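Every read-out reported here was derived from the displayed coordinates using simple, explicitly stated rules and does not represent laboratory data. As the structure is a computational prediction, the values presented were derived from the model and not from experiment. Here Cβ is always computed from backbone atoms with ideal geometry, including for glycine, and neighbour counts include all displayed protein chains.
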Amino acid sequence: MSIVITGATGHYGNRVIQELLKTIPASEIIASVRNVEKADALAELGVEVRHGDYMDYESMKTSFKDASKVLFVSGPDSDNTLRIRQHANVVQAARDAGVKHIAYTSYAFGETSQIDLAHVHMATEYAIRSTGVPYTFLRNSLYSDVFIDESLAGSVATGELVTNTGDGKLNAVSREDLALAAAAVLTGEGHENKSYNLVNPSPWTFDELSEVVSEVSGKQVSHKKVSFDQMKDYLGNVGLPAPVVELIAGIYQTIAAGETSKTSNDLTNLIGQPTQLKKLVQQALKA
Ligand code: NAP
């Protein structure tokens with residue numbers, strides 16, 4: 001059995017490989033990467049490194065040679081139309097290389113999502129379905145790492161966590177837990193033609209996040225609820241570029257609208273309880 005992981009030099013793909021190495025030999029793992037020179041550490045672990053660029057169908061097909069399973073990690077490009085083209089290359093290459101099972105990192109509850117990137121994931125799911133190759137859609141939540149990181153130290157300093165999420169709930173999961181779920185699917189059985197919504201079974205609000213940040217830091221931090229436009233002004237004033245401002249305020253608005261409040265037991269069924277909010281905050285604040 002050989003499992004190819006694409007995007008293996010990225011945070012998530014690399015994490016999945018580290019998990020796989022705990023249960024299967026390195027000789028069964030292949031890293032498909034755009035920049036081979038960035039994968040020296042993987043090669044040192046005994047993982048075979050192959051060149052594969054989503055822009056280049058032939059390189060992807062070669063990187064999938066003799067693979068029984070592929071974990072196709074979605075690309076990070078912000079141009080959604082380009083991303084769909086890249087993803088189609090990868091799917092076509094997996095089909096033509098004779099891959100027996102494609103696991104794909106999709107987006108949780110993508111069919112009903114209003115976030116633009118959900119269209120990329122749905123388009124890719126349909127492309128994979130159209131091949132007839134058995135699939136597993138790992139429909140990842142938003143990464144909690146995006147919201148709970150070292151920047152929380154800034155909120156601790158000012159006593160305010162400013163967002164336009166209102167009372168919206170967020171079903172985010174850490175990248176690490178999502179990688180664990182992928183490893184469980186790749187090494188387990190009975191996951192063919194299944195779609196898993198890998199979300200937190202206990203979504204939290206930013207009021208709750210502020211309370212946990214207060215508890216962990218020992219300093220009072222309040223959630224300051226602002227409007228979409230006020231959020232954009234705030235982010236612009238701290239010096240973020242316009243596209244990033246739009247992206248962050250837009251995601252917060254989606255949270256406010258309730259889109260990320262949906263729950264599922266799919267993640268718990270694969271890995272047990274995901275890492276709790278307090279632990280994530282402690283890790284972010286190194287407390
Ligand atoms: P990441 O650290 O940015 O890794 C992205 C990976 O994609 C890198 O290995 C990168 O290679 C590779 N890549 C980029 N363009 C490529 C191309 N043309 N051909 C082949 N490989 C290419 O992202 P991550 O944290 O691992 O997350 C994995 C994916 O999840 C992202 O790509 C994105 O689609 C999605 N995502 C989800 C969330 C969420 O909240 N759920 C948040 C962010 C991203 P290099 O190392 O050579 O650049």
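Any idea what the relative contact order of the chain is, in percent, if you count C-alpha pairs under 8 Å spaced at least 6 apart?
17 percent
If you line up the long axis of helix 116-131 against the longest principal axis of the chain, both from Cα atoms, how many degrees apart are they, to the nearest 10?
20 degrees
Once all Cα-Cα distances of the range 1-149 are split into 5 Å bins that start at 0, what whole-number percent is in each one?
2, 10, 20, 24, 20, 15, 7, 2, 0
Sticking with the crude label model, points 7 Å out along Cα→Cβ, report the distance from ARG85 to LYS194 in nm, one decimal please.
3.6 nm
Which order do peptides 169-177, 196-204 fall in by mean Cβ count within 10 Å, highest first?
For the peptides 169-177, 196-204, the packing ranking is 169-177, 196-204.
For the chain, build the convex hull from the C-alpha positions and give me its volume per residue in Å³.
Spread over its residues, the Cα hull of the chain gives 128 Å³ apiece.
Write out the trypsin sites (Lys or Arg not before Pro) in the range 191-249 meeting two conditions: DSSP loop, and at most 13 other Cβ atoms within 10 Å of their Cβ.
Here the trypsin sites (Lys or Arg not before Pro) that fit, given the DSSP loop and packing criteria, are LYS219.
Between rounded, prolate and oblate, where does the range 212-273 land on the alpha carbon gyration tensor, with a ≥ b ≥ c its root eigenvalues, rounded for a/c under 1.5, else prolate if a/b exceeds b/c?
Cα axes put the range 212-273 in the oblate bin.
Which lysines have a Cα less than 29 Å from the Cα of LYS22, not counting those fewer than 8 places away in the same chain?
Those lysines meeting the cut-off are LYS38, LYS61, LYS65, LYS69, LYS100, LYS194, LYS278, LYS279, LYS286.
Relative to the longest principal axis of the C-alpha atoms of the chain, give the angle of the C-alpha long axis of helix 206-217, reported between 0 and 90° and rounded to the nearest 10°.
80 degrees
Can you put LEU285, LEU82, LEU178 in order, fewest other beta carbons within 10 Å first?
If I rank by nearby Cβ atoms, fewest first, I get LEU82, LEU285, LEU178.
For a footprinting-style exposure proxy, rank THR81, THR163, THR187 by other Cβ within 10 Å, fewest first.
Listing THR81, THR163, THR187 from fewest to most nearby Cβ atoms yields THR81, THR187, THR163.
Kindly provide the helix-only [θ] at 222 nm of the chain, computed as the sum of -39,500 (n - 2.57) over DSSP H runs of four or more divided by all residues, to the nearest 500 deg cm²/dmol?
Mean residue ellipticity at 222 nm (helix-derived): -13000 deg cm²/dmol.
What percent antiparallel are the DSSP beta bridges of the chain, to the nearest 5?
The answer is about 5 percent antiparallel.
Report, in degrees rounded to the nearest 10, the 0 to 90 angle that the Cα long axis of helix 11-20 makes with the longest principal axis of the chain.
For 11-20 against the chain, the angle is about 60 degrees.
Return a whole-number percent for the relative contact order of the range 3-140, with Cα pairs under 8 Å and 6 or more residues apart as the contact set.
21 percent
Find the centroid of the Cα atoms in the range 217-287 and in the range 1-43, then give the distance between the two in whole Å.
29 Å
On a full-extension model of 0.36 nm per residue, what is the gain between VAL36 and ALA153, subtracting their alpha-carbon distance, rounded to one decimal in nm?
The span from VAL36 to ALA153 would gain 38.6 nm if fully extended.
Most exposed first by the Cβ proxy, i.e. fewest other Cβ within 10 Å, how do HIS101, HIS121 rank?
HIS101, HIS121
How much of the calculated P(r) for the range 145-207 lies past 12 Å, in percent of all Cα pairs?
Percent of Cα pairs beyond 12 Å in the range 145-207: 76.
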